[in-house]
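Read through the structure below, which is laid out as structure tokens, and then see the notes.
Every number in this text was worked out from the coordinates using simple rules, so none of it is lab data. Since we're looking at a predicted model, the values are computed, not measured. Positions of Cβ are generated from backbone atoms using ideal geometry, with glycine treated the same way; all protein chains shown enter the neighbour counts.
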Amino acid sequence: MTELGAILVGMYPGRDNQIDQLLSLLGKPADPSPPCIFIYGPSATGKTSLTQTLFQHYDITGKHHAYINSIECFNSRLLFERTLNAWMGHQPSAENRFGNYVKCDNLVDFINYIRELLPHGEKHFMVVDQAERLRDRGAMLLTSLMRLSELTGRDVSVVLISNVIWDKFRPRHGGASDPVSVFFPYYEKNQILDILVKDCPPEEPQSFFLTFVDAIYEVFRRNCVDLNELRHLVAMLYPKFVQPVFEKQATRAEFPRLFKLCQPYFTAASDRLYLREISTSEWQKNSTVASVKNNPEDVAMSIYQMADSDNGLDLPHYTKFLLISAYLASYNPARLDVQYFAKGKDPKKSRKKKAVTNGENALGGHNRQQLMGPKLFAIERMLAIFYSIVAEPVKSAVDVQIQIASLVTLRLLTKTSAGDRLDGIRCKCNVSLDTIRTISRSVRFEIDRYLYDFA
């Protein structure tokens, strides 16, 4: 292994094979490189960080590689101009009025500038992160970048970094051969521990910190495989884990006792911190008030109250639409479902004006549905409304029945039919009008347009 490879292996544990493969593809400065290299794998597997560090050491001058993020360069012009700026060593500043090295509006100009500005015999790399976004920039852009060396006659290699596999990335019209692929798999447990132990505070024993990291991994590994999330959880929970040591409640050798004292924080972190119901700053502020000297239930309660400042319900996206559907089924007459929820119809245009009788005023009077309370509805009717109001097709991975059971468990829905009954299940909605309006605003759904009372 080369000196550069040894440096990278020490910085990125568990990525020995990928480092060797990339170094062999890049070769020496005088060696030719593949026209296109495709680096892919799940998120938080070190693709971007390793690639950036590799090129910073491989190209010390920084004039033979250009790192481009497709999210920042949201059109082709920014993509081309930033690439040429990097290759020419040009930095927009006040002295040059923040101008680019050249103006490059299209792909033809980009190819001509490469022929004009880059000399023969020098190797240059164009690294494009979040490369899956190039698929939306025109039919020929991705294909042309993959053949950039052929089109320009220069030794130019394009490195694409993406979370998407090549089968979903390949241009439909063809026009270019498949690139050389480098796959970054998920880290294994020992590799994750090797990475997390690098975050050990200087004043803490590394063996004690490693034991804590191992416990965190075992607690959260079923729900969290993202390395960045695990690092965040370790950083937030370790101060609470060692707090009993400084409060003379336990010693570092009494790990089971420390784990038991920190158990409320583990539970709260899985329910609140990991799901981002509270921010990192809120967690740090509120968790410092709590102490293991208090009752563990009080400690847990103080943490659970962190996210109670808002009146809305933090539910998954499709669960919110299910709750909206349940509310509409409870407060709308069943005979008007076709009129309100038929596809292709605007409920305001298709709805006839209700006649005002002696027993009700313009808002419905004593017969108003909101005053009469929620009505029972069948689950089949709620699902029909749900599939009608959801704009995009529901993903196959979404288990609607489990989400309905979660709403019943949270008592947002009340099940009124017998527990052993499998068909014809009937429920009613237990959510107020203000709450359902808040939930509707969070998913940009105008519920008042579909409520019978506000026609």
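Each listed q (0.14, 0.24 Å⁻¹) maps to a log10 I(q)/I(0) for region 188-277 from the Debye sum over equal C-alpha point scatterers, namely -0.46, -1.34. Counted residue by residue at 0.36 nm each, then reduced by the alpha carbon distance between them, the extension gain from His120 to Asp167 reaches 13.5 nm. With both labels modelled 7 Å from their Cα along Cα-to-Cβ, the Asp214 to Thr414 distance reads 5.2 nm. Given contacts defined as C-alpha pairs under 8 Å and at least six residues apart, what's the relative contact order of region 159-249, whole-number percent? This gives 19 percent for region 159-249.
Qualifying GluC sites (Glu not before Pro) in region 114-217, where qualification requires a DSSP coil assignment and no more than 10 other C-beta atoms within 10 Å, comprise Glu188, Glu203. Ordering Val102, Tyr67, Pro29 by the projection of their Cα atoms onto the charge dipole of region 1-139, which places +1 on the Cβ of Lys and Arg and -1 on the Cβ of Asp and Glu, puts Val102 at the extreme positive end. Please tell me which of these pairs span more than 27 angstrom C-alpha to C-alpha: Lys189/Lys260; Lys168/Lys320; Lys320/Lys428? As for pairs spanning more than 27 Å Cα to Cα, those are Lys168/Lys320. The trypsin sites (Lys or Arg not before Pro) of region 183-235 that meet both conditions, a loop assignment by DSSP and at most 16 other Cβ atoms within 10 Å of the site Cβ, are Arg221, Arg222.
Relative contact order of region 46-135, taken over Cα pairs closer than 8 Å and 6 or more residues apart, is 37 percent. Could you calculate the FRET efficiency of Ile402 with Glu3 from 1/(1 + (r/R0)^6), where r is the beta carbon distance between them and R0 is 56 Å, rounded to 0.05? So the FRET efficiency works out to roughly 0.55.
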